[in-house]
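K.L.:
Attaching a single structure in structure tokens format; questions to follow.
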Amino acid sequence: MRRVLSFFAAAALLILAGCASQNRADMLNTTLTAYASTVRWGDFQSATIFLDPKTRTEHTPSALDLARYKLVQVSGYDAGNGPVPDGENQVRQIVHINLINVSSQQERSIIDHQTWRYDETTKHWWLTSGLPNITQQQ
């Protein structure tokens, strides 16, 4: 009888671990979709809420940075193959973003190397790599 109970206890723990893992994956998908939508609409001010609190404190976008974001319109956001695990609580993602210069109407493309970290305490995914660098030249 003890063996049966031990087996069921172990099985229950594995199922709960699987549920927690699935829940984390669902939260990642929801977070990445919401972030992509925010960037697609060009709302970089709101995109700062996705930043890791430590990153946000240390690298708060300046007024000049936010003014630069207003000079472009996002015309495309392609996450390619999606996120790739990079450790236990971290994923990386390469995103191609197409930008249109509002004044010249010229389009260009940038690559955003994103790193997302899962915080066990808050049960939240945070962007640690910062907002896209729209000033990069190719």
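K.L.:
Count neighbours as other Cβ atoms within 10 Å of each site's Cβ, and list the GluC sites (Glu not before Pro) in the stretch 43-138 that are DSSP loop with at most 14 such neighbours.
P.N.:
Passing both the DSSP loop test and the Cβ count: 88, 120.
K.L.:
Oh, and also: Sort 116, 125, 41 so the one with the fewest other Cβ atoms within 10 Å of its own Cβ comes first. Each step should come with its number before you reach the end.
P.N.:
Details: 116 22, 125 25, 41 13.
The fewest-first ordering by Cβ neighbours comes to 41, 116, 125.
Throughout, read-outs are computed from the coordinates displayed, never taken from laboratory work. Source: prediction; values computed, not measured. We place every Cβ from the backbone using ideal geometry, glycine too, and count neighbours over all the protein chains shown.
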